[in-house]
Amino acid sequence: MRLSALFLRLGVFVLAAVISVLAARATVAVVEETSVVSVRETLIDRGYDWTSVLGDGLQVILEGEAPTEATRFRAISAAGSIVDASRVIDNMKVAESGNIAAPDFVIEILRNDSGVSLIGLIPAETDREQLAARITSIANGQPVTDLLESADYPVPDTWNDALNYALRALSMLPRSKISVAAKRVSVNAISDSAAEKARLETALSRNTPQGVRLAVQITAPRPVISPFTTRFAKDADGISFDACAADSPEAEAAIMAAATAAGFSGKGPCVQALGVPSRTWSQAVVQSINAVEGLGGGTVTLSDTDITLIALEGTDQGTFDRVVGELENALPDVFALDAKLPFAPEAGQAGPPQFVATRSPEGAVQLRGRVPDDLVNLTAENYAMAKFGRANVTMGTRVVDGLPTGWSVRVLAGIEALASLSNGSVTVEPEKVTIKGNTGVPSAQADITRLLIDKLGQTAEFDLDVTYVKQLDPIAGLPTPEECVAQIGVVTQDRKILFDPGSASITSDTQAVVDDIAEILKKCPDLRIQIAGYTDSQGGGEMNQALSQKRATAVLDALRVRRVPVNAFEAVGFGEADPIASNDTEDGREANRRIEFSLIVPEPTPEEQTALEELEAAAQEAASE
């Protein structure tokens, strides 16, 4: 009986053990299957369908070929978000780099007063030392933060051209952000003034790399104008809008709308600037221009909060009183109006005294007319010499008595106004100052207006006929690269750069030729120039090539000494190649010993070459038809 009970208990224990083992295996199988299915679904949902998911008990095994190391890591992380990361076994491989598409090489460059920072991805073939040296030179002592990474992939065709252009732009822009890619360069920068903005835009438009899209945006701070000035005049000769200042685009639009309604046409002279005396400035300008139109003509000048309205001679008194009364009541409180109705001079009065200053296109200045005393005469002479140069001033003035009060101030103001013209004249009379001429400064007319109001007062009457001539603008009138090379050709047509026999030393007699070439190149910034050296056929070929290289380098060094920016220049020696005359005569050999200047033109990209060939084929087909 005791033995039977013992066996019974052992049987129950064994049965329980078997059942437990089977239950455990079933549970593991269920967990395994659930884990594998959940991980597989997650990986497929996230785009990692190249993976294979296997189960081994509680472990989840990932297999497959990941396109990149980063993708492999993200797949492991995705699996770890479903099951415990310790259960994920990584048996994946990473595809060979040769089968992976090259990444986009991009550099983001930021330059400000704190230094220069670079971040991005560059080709492994990039000369990091040379790049660092260029950036350090551009930073000019400021710190450089280099966070660039490299990847060993083929260098895109246009990468080096885009990078060189970006670095040239960086050297000109102390406050800028530049983004560089193989086929795109984006430049965002801040300039100090509108003139500087125009100069930089002109410089950046030169030598743009072929096959690279450019996006250049340069902003300039609004100028500060003091006094804030607008002057509008209408008479029988037409309308003159000599100066216009606005504090916002909306204000400019409102002012121009009023001027257009009064008969003005063409491009307005309005400048958006800082220094507006009141938020109601544009309202006061519009009302003042409307008043001139209501009078049938006249001149209105606003200088800060002071407004001077001068009607035309012969204006009806009743109309004058009505228009001025309406304006006085409508103007904002901060503005003060001074309105005048001039009367025609009586018949038989003698002509007014005059002072006339003229400036020729060559720069010669002549002062003639009346001055009140010797001190004013000497002051006018010295002031003109300071403005135009002692050798350019000729005096033809007379000292007379009885000139109007303030004549000296009007004379000096006229000389200062003349300095804003490239050529022209200033005529000073007791009641009016007349200024005519040409200028290369777009804002010259507005500048002269503010000058005369500041020196002579708001009630001063003056007529301006100032024409902007693009060719006289030192920025807009810059020659093109082709014109610069053509000018060098003119300089060297009858004069050559000569060297001492058998050496690379430029002779003293031809230093003047190098001086003239340097002056031309200083007016042509951002050129890519090749300086080519050639010899005659006498001597060995290797010796001639080496000598021509030394001579080309000597010319490059001579231009550098003369402060010509030669960073983008190349000095190349061609030896006795490409003769332009026969080497059988002394004259021919002399002609072949030469230095030539030419533009470096980037090679077209394959896409551009294909497009060019298609255009040529189409042209030939059209010609044959």
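Does the range 519-535 contain any residue that is buried (at least 19 other Cβ atoms within 10 Å of the Cβ), polar (S, T, N, Q), under 18 Å from residue 496 (Cβ atoms) and assigned by TED's automatic domain parsing to the domain that holds residue 593? Checked the range 519-535: at least one residue is buried (at least 19 other Cβ atoms within 10 Å of the Cβ), polar (S, T, N, Q), under 18 Å from residue 496 (Cβ atoms) and assigned by TED's automatic domain parsing to the domain that holds residue 593.
When 466, 491 are checked against the criterion of being modelled with pLDDT of 85 or more and in contact with a Gly (Cβ under 7 Å, 6 or more places away or on another chain), a single residue qualifies: 466.
Looking at 467, 439, 434, 459, can you tell me which residue is of a type in the set (Ser, Thr, Tyr), touching a residue at least 40 places away in the same chain (Cβ under 8 Å) and closer than 19 Å to residue 231 by Cβ? Reasoning before the result, please.
Details: 467 fails: touching a residue at least 40 places away in the same chain (Cβ under 8 Å); 439 fails: touching a residue at least 40 places away in the same chain (Cβ under 8 Å); 434 fails: touching a residue at least 40 places away in the same chain (Cβ under 8 Å).
Within the list 467, 439, 434, 459, the selection yields 459.
Checked against the criterion of being in the same structural domain as residue 388 (by TED's automatic domain parsing) and closer than 23 Å to residue 303 by Cα, the candidates 427, 459 yield just one match: 459. Quick one: would you say residue 506 is assigned by TED's automatic domain parsing to the domain that holds residue 558 and either on the phi < 0 side of the Ramachandran plot or among the charged types (D, E, K, R) (or both)? Against the criterion (assigned by TED's automatic domain parsing to the domain that holds residue 558 and either on the phi < 0 side of the Ramachandran plot or among the charged types (D, E, K, R) (or both)), residue 506 qualifies. If you go through the range 537-579 and pick out every residue that is touching a residue at least 24 places away in the same chain (Cβ under 8 Å), surrounded by fewer than 16 Cβ atoms within 10 Å (Cβ to Cβ) and on the phi > 0 side of the Ramachandran plot, you end up with 2.
Taking (1) out of contact with any Pro (no Cβ under 9 Å at 6 or more places or on another chain); (2) modelled with pLDDT of 85 or more in turn, residue 430 satisfies each apart from (1). The single residue among 284, 330, 311 that is touching a strand residue (DSSP E or B) at 6+ places or on another chain (Cβ under 6 Å) and not acidic (Asp, Glu) turns out to be 311. With respect to the conditions (1) under 30 Å from residue 421 (Cα atoms); (2) at pLDDT below 90, residue 315 falls short on a single one, namely (1). Looking only at the range 324-352, filter to residues that are assigned to a loop (DSSP other than H, G, I, E, B) and surrounded by 15 or more Cβ atoms within 10 Å (Cβ to Cβ); which one of those is modelled with the lowest pLDDT? For the range 324-352, the residue satisfying everything is 341.
Residues are listed down the side, and each one gets a yes or a no for (1) under 20 Å from residue 161 (Cβ atoms); (2) among the hydroxyl-bearing types (Ser, Thr, Tyr); (3) free of Cβ contacts under 8 Å to residues at least 24 places away in the same chain; (4) surrounded by 14 or more Cβ atoms within 10 Å (Cβ to Cβ):
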{"residue": "69", "(1), (2), (3), (4)": "no, no, no, no"}
{"residue": "75", "(1), (2), (3), (4)": "no, no, no, yes"}
{"residue": "91", "(1), (2), (3), (4)": "no, no, no, no"}
{"residue": "95", "(1), (2), (3), (4)": "no, no, no, yes"}
{"residue": "107", "(1), (2), (3), (4)": "yes, no, no, yes"}
{"residue": "112", "(1), (2), (3), (4)": "no, no, no, no"}
{"residue": "124", "(1), (2), (3), (4)": "yes, no, no, no"}
{"residue": "135", "(1), (2), (3), (4)": "yes, no, no, yes"}
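For the range 534-541, the count of residues that are assigned to a helix (DSSP H, G or I), modelled with pLDDT under 90 and more than 36 Å from the chain's Cα centre (by Cα) is nonzero. Just one residue in the set 443, 420 is of a type in the set (S, T, N, Q), over 16 Å from residue 369 (Cα atoms) and in contact with a helix residue (DSSP H, G or I) (Cβ under 6 Å, 6 or more places away or on another chain); that residue is 420. Meeting the requirement of 2 or more residues that are without any contact (Cβ under 8 Å) to a residue 40 or more places away in the chain, buried (at least 22 other Cβ atoms within 10 Å of the Cβ) and of a type outside the set (Val, Ile, Thr), the strands (runs of 3 or more DSSP E) wholly within the range 236-313 are 238-246, 306-311.
When the residues of the range 217-230 are narrowed to those that are touching a strand residue (DSSP E or B) at 6+ places or on another chain (Cβ under 8 Å) and surrounded by fewer than 17 Cβ atoms within 10 Å (Cβ to Cβ), which ends up nearest to residue 182 (Cα to Cα)? Looking at the filtered set, the residue picked out is 217.
Among the residues of the range 218-235, those identified as touching a Gly at 6+ places or on another chain (Cβ under 6 Å) and part of a strand (DSSP E or B) are 224, 234, 235.
The single condition among (1) surrounded by 13 or more Cβ atoms within 10 Å (Cβ to Cβ); (2) over 22 Å from residue 281 (Cα atoms) that residue 321 does not satisfy is (1). Put simply, of 437, 402 the only residue that is on the phi > 0 side of the Ramachandran plot, among the small types (Gly, Ala, Ser) and at pLDDT 90 or above is 437.
The values are calculated or read from the model by the stated rules, or taken from the named source; none is laboratory data. Bear in mind that the values here come from a model prediction, so they are computed numbers and not experimental data. Every residue, glycine among them, receives a Cβ derived from its backbone with ideal geometry; neighbour counts consider all protein chains shown.
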